[in-house]
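What follows is a short report on a single structure.
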Amino acid sequence: MKKTILLLLTILLSFLPVHALRTLNENYELVLNVPAKKLILYRDNEVSKEYPVGVGKSLTPTPLGRFKIVRRISNPAWVNPYRQSKVVPPGETNPIGQYWLGFAMNKKSQEFGFHSTSDISSVGKASTHGCIRLYPEDMKELFNLVQIGTLVYVIYNPVEVKEFENRLFIAAHPDIYNYMNDEEYMKFAKNQLSGANLVQEENLFKAIEVKDGKDYFIGWTGSKKLNEQESGPVDKGQIN
C-alpha cells in the first residue's frame, strides 16, 4: 500500500510545473530601478535575473519606496483608472494580460502593479500610468516565482556602476522625472566609486553628459570594496 501511495505521489509531482516546486523553499526580492527601466529579481540576496520593463511617464510616475506584493491575480479584469470606462474582462482584449502582481495603492485607490502588455513596444519606455509592464513571457515567469509578501524595492538611480572581472563600467540613464541635475549625477557616481582606480575619467563625464544608458569603461576596482549602489531620491517619489 505504501509503495502504491509513493508511486502516485511521484507521478503527481512529475506533472507539477517546475516553478511550483522551486518557489517552496526560495526567498525572492524585487528591485525596480525606474530610470534604468530594469527589474532585478534577487534569489537569496543574489541576482537571479533582470527583466526590461516599461514604467510610469513623468505625469503619472511610478511610486518609489519599499513595498510588498499584496495581490496576485491570474486572468485579471481591468478598468482605466483615469477614465470612466467599462471593465475589460479577462481575455485577449485585456491590455494588462493574464497576470497581475499588485504592490501599492495611493489615496485615490489606484493600485500599482506588475503586468504584461499587448503593446510590447512600450517595454523599455516611460509611458504607463505608473504600473510596470513586462513582456508576456517574462510576466508569466515572474508570476510563477513570487508570492504574496515578496518585498519590492522601487528605487531611482540613473547612474549604474557595473563590475566585470575587476573592470568598472558606468551607465547613465535619462532623468525621466526631472529629479536630478548633472551635479547630483556626478555625486551619485562618485559615492558608488569609492575605492576605484579611474583610468578613464573622461568616460565618466561623457556617460553623464550623454545619458544614453550605454556602458562606458572607466577603470578598475582597486584594493577597496566599492560602495553599494545608490537608491536615489526616494523622498521625491513617495506614494500619496
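The values are calculated or read from the model by the stated rules, or taken from the named source; none is laboratory data. None of the values given here were measured: they were computed from a predicted structure. Heads up, the Cβs are rebuilt from the backbone with ideal geometry, glycines too, and the neighbour counts pull from every protein chain shown.
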Inset, instruction - Go through region 105-131 residue by residue and tally those that are surrounded by 15 or more Cβ atoms within 10 Å (Cβ to Cβ) and touching a Lys or Arg at 6+ places or on another chain (Cβ under 9 Å). - result: 15
Legend entry - Filter result (of a type outside the set (K, R), outside any helix (DSSP H, G or I) and in contact with a strand residue (DSSP E or B) (Cβ under 6 Å, 6 or more places away or on another chain)) within region 128-140: T128, G130, C131, I132, L134
Legend entry - Output for region 39-60, where each listed residue is surrounded by fewer than 16 Cβ atoms within 10 Å (Cβ to Cβ) and assigned to a strand (DSSP E or B): R43, E46, V47, S48, K49, E50, P52
Legend entry - Pairs where the first residue, in region 173-201, is loosely packed, with under 15 Cβ neighbours inside 10 Å and the second is at pLDDT below 90 and among the aromatic types (F, W, Y), C-beta under 9 Å, 6+ apart: N197/W220; V199/W220
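For every residue, the table says whether it meets (1) out of contact with any strand residue (DSSP E or B) (no Cβ under 6 Å at 6 or more places or on another chain); (2) assigned by TED's automatic domain parsing to the domain that holds A104; (3) over 29 Å from N27 (Cβ atoms).
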residue	(1), (2), (3)
L151	no, yes, no
I170	no, no, yes
F188	no, no, no
A196	no, no, yes
K206	yes, no, yes
K211	no, no, yes
Inset, instruction - Identify the residue in region 147-182 that is modelled with pLDDT under 90 and acidic (D, E) and, among all such residues, is farthest from G102 (Cα to Cα). - result: E165
Inset, instruction - Give, as residue ranges, the strands (runs of 3 or more DSSP E) completely inside region 61-114 that count at least 2 residues that are of a type in the set (A, V, I, L, M) and under 21 Å from F143 (Cβ atoms). - result: 99-105
Inset, instruction - Answer with yes or no whether G91 is farther than 26 Å from I120 by Cβ and modelled with pLDDT of 65 or more. - result: no
Legend entry - Every residue from region 141-168 that is outside any strand (DSSP E or B) and either of a type in the set (D, E, K, R) or surrounded by fewer than 17 Cβ atoms within 10 Å (Cβ to Cβ) (or both): E141, N144, Q147, I148, G149, E165, N166
Legend entry - Those residues of region 134-145 which are closer than 17 Å to I96 by Cβ and either within 13 Å of the chain's Cα centre (by Cα) or of a type in the set (A, V, I, L, M) (or both), in sequence order: L134, Y135, D138, M139, L142
Inset, instruction - Looking for whichever is surrounded by 15 or more Cβ atoms within 10 Å (Cβ to Cβ) and free of Cβ contacts under 8 Å to residues at least 40 places away in the same chain here; the options are I73, I69. Which one fits? - result: I73
Legend entry - Close pairs (7 angstrom Cβ cut-off, 6 or more residues apart or separate chains): aromatic (F, W, Y) in region 126-153, surrounded by fewer than 20 Cβ atoms within 10 Å (Cβ to Cβ) anywhere: Y135/I120; Y153/V31; Y153/R66
